[in-house]
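Report on one structure; see the data block that follows.
The values are calculated or read from the model by the stated rules, or taken from the named source; none is laboratory data. Values in this document were obtained by computation on a predicted structure and should not be read as measured data. FYI the Cβ positions are ideal-geometry reconstructions off the backbone, even for glycines, and counts take in every protein chain you see.
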């Protein structure tokens, strides 16, 4: 589909990639902290959850095994359909994202921010993304406290439901499956660089969440008909019915960068979300695809600068007000094409990949809930969720790593050190555990006068181990470079290849480019430094970084004649 091309991430060429030597760390025994409980009652008794893993996700569910299997199979069908019609849907997350499915509304509410601040946190879904971790939490309980109807929400002048309303698009949503699908598309789009404008992300999420999947076909862009919708089981209409007889938003409200974002104590405009859906559908499929070229050109420019009336006229040859008339007509009489695929003959689409659902271990429940709470900004609650199984004797490596990171966020540096040391000794697959322990050791070394980092120091050893585990973290390479620059020694050939790999993984990171160029100049790797400086001057936009590179360039000897 053409619109995908604007957001496909392209690989960028770089310098050599190799695995550096991994120095050994001190293997002395680690004495783990002891937590005492006041009283005789465990404040967080063991909980009963189900666990499974599917492509790109760890899944935790408080539903039965059969119910969990049904939820996951439905999501797998959607995930597979998206991967077939939208290439970015094939992107793999490493580490896997967390998917928490709640049959009990109490379980869901325990995992929300104390102050609503993430998209969807007022309704059936909450999506969190911070650094390398992501989580989606879905409420399948079916509860709709103090629901505001779609008709009321979409009335002109009404901004959205009360904070207790059960909807993530202003009272229109009433389907937790669609909430899950929307959060998944938001998760995929969060990996795009540059990020998609808010209006396009919202419209595309709703468009793809309405994908129609049968045994033999996948259809994107099909709209409900009024005569067929009345008796349908699906209570959430497509935009043409949701916007019927409703006014549309002005340009400033439609394209504002902050549009659609929840603010503490603030409402959300449901009309904005549905209008985004209408505009994206019109641009991609309206007039049988004839709108697509100007729409994509508009999208590219809108991702770089604020939308103006002049920009609108330039791409669409009409004013925004004229566009609203056309969009309004489009919601009433929709002339469009659909996209998708159909199998040949009697062939059917492949069934979901097999997976096993089992009882979750205490370590899995504590680790997953702890990480979700940490992503939600509830640091103290995250720590309690993680400590509960630890108090009962669980010493799972992944749990120890997560406990160390949670303690570090709370400022408990020495407790964090102990947990992170134990987790890295057991070779946890969490790269941030190695990074944060390396930071602690680097701070300790900096406090010692005249300390010079050796080529095989514990700090560099930890950072090398972090670099060997997905996902790549720019901070790992930044601290590695800082450590070398603060000493008198230089990396060997394999060490420089590892640092080159960091710039290759983050080709637009000014800190990595500048530090590595300076290190290569110091080490006498002139031609390699010259190539890196030229790359930085070509791709960076930060004036201070470019000035730093130009100063380095002046220190280089003249290039030999070609």
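Can you pull out every residue in the stretch 426-449 that is crowded, with 16+ Cβ neighbours inside 10 Å and within 29 Å of the chain's Cα centre (by Cα)?
Listed by number, the residues that qualify are 428, 430, 431, 432, 433, 434, 435, 436, 437, 438, 439, 440.
Only helices (runs of 4 or more DSSP H) wholly contained in the stretch 224-266 count here; list those with 1 or more residues that are modelled with pLDDT of 65 or more and exposed (fewer than 14 other Cβ atoms within 10 Å of the Cβ).
On the way: elements: 226-229, 239-242, 251-255.
Fully inside the stretch 224-266 and qualifying: 226-229, 251-255.
Test of understanding: among 377, 411, which residue is in a loop (DSSP other than H, G, I, E, B), surrounded by fewer than 22 Cβ atoms within 10 Å (Cβ to Cβ) and under 22 Å from the mean Cα position of the chain (by Cα)? Give the derivation first.
Values: 411 fails: under 22 Å from the mean Cα position of the chain (by Cα).
Matching residue, one of 377, 411: 377.
Based on this model, can you work out whether residue 91 counts as modelled with pLDDT under 70, touching a helix residue (DSSP H, G or I) at 6+ places or on another chain (Cβ under 6 Å) and at negative phi? Break it down stepwise before answering.
Details: modelled with pLDDT under 70: yes; touching a helix residue (DSSP H, G or I) at 6+ places or on another chain (Cβ under 6 Å): no; at negative phi: yes.
When the stated conditions are applied, residue 91 does not pass them.
Select from the stretch 540-558 the residues that are assigned to a loop (DSSP other than H, G, I, E, B) and exposed (fewer than 10 other Cβ atoms within 10 Å of the Cβ) and list them in ascending order. Write out each step before concluding.
First pass over the stretch 540-558, keeping only residues assigned to a loop (DSSP other than H, G, I, E, B): 540-542, 556-558.
Those that are assigned to a loop (DSSP other than H, G, I, E, B) and exposed (fewer than 10 other Cβ atoms within 10 Å of the Cβ): 541, 557, 558.
Does residue 325 qualify as being without any contact (Cβ under 8 Å) to a residue 40 or more places away in the chain and either over 30 Å from residue 48 (Cβ atoms) or surrounded by fewer than 13 Cβ atoms within 10 Å (Cβ to Cβ) (or both)?
Numbers: without any contact (Cβ under 8 Å) to a residue 40 or more places away in the chain: yes; either over 30 Å from residue 48 (Cβ atoms) or surrounded by fewer than 13 Cβ atoms within 10 Å (Cβ to Cβ) (or both): yes.
For residue 325, the condition - without any contact (Cβ under 8 Å) to a residue 40 or more places away in the chain and either over 30 Å from residue 48 (Cβ atoms) or surrounded by fewer than 13 Cβ atoms within 10 Å (Cβ to Cβ) (or both) - is met.
Would you call residue 273 in contact with a helix residue (DSSP H, G or I) (Cβ under 6 Å, 6 or more places away or on another chain) and closer than 26 Å to residue 73 by Cα? Show your work before the answer.
Numbers: in contact with a helix residue (DSSP H, G or I) (Cβ under 6 Å, 6 or more places away or on another chain): yes; closer than 26 Å to residue 73 by Cα: no.
No, not satisfied.
Among the candidates 354, 389, single out the residue that is surrounded by fewer than 19 Cβ atoms within 10 Å (Cβ to Cβ) and either under 24 Å from residue 135 (Cα atoms) or in contact (Cβ under 8 Å) with a residue 40 or more places away in the chain (or both).
Values: 389 fails: surrounded by fewer than 19 Cβ atoms within 10 Å (Cβ to Cβ).
Matching residue, one of 354, 389: 354.
Collect the residues in the stretch 94-139 that are at pLDDT below 90, in contact with a helix residue (DSSP H, G or I) (Cβ under 6 Å, 6 or more places away or on another chain) and in a loop (DSSP other than H, G, I, E, B), keeping them in residue-number order.
124
Of these, 438, 422, which one is within 17 Å of residue 386 (Cα to Cα), in a helix (DSSP H, G or I) and modelled with pLDDT of 95 or more?
Working: 438 fails: within 17 Å of residue 386 (Cα to Cα).
Within the list 438, 422, the selection yields 422.
Pairs only if they're at least six apart or on different chains, beta carbon under 7 angstrom, first in the stretch 114-132 and farther than 23 Å from residue 192 by Cα, second at pLDDT 80 or above; list them, first residue then second.
Cβ pairs passing all conditions: 114/378; 123/179; 124/138; 124/139; 124/176; 124/179.
Mind listing just one residue for me: the one in the stretch 286-307 that is touching a residue at least 12 places away in the same chain (Cβ under 8 Å), touching a helix residue (DSSP H, G or I) at 6+ places or on another chain (Cβ under 9 Å) and not in a helix (DSSP H, G or I) and, of those, surrounded by the most Cβ atoms within 10 Å (Cβ to Cβ)?
My answer is 286.
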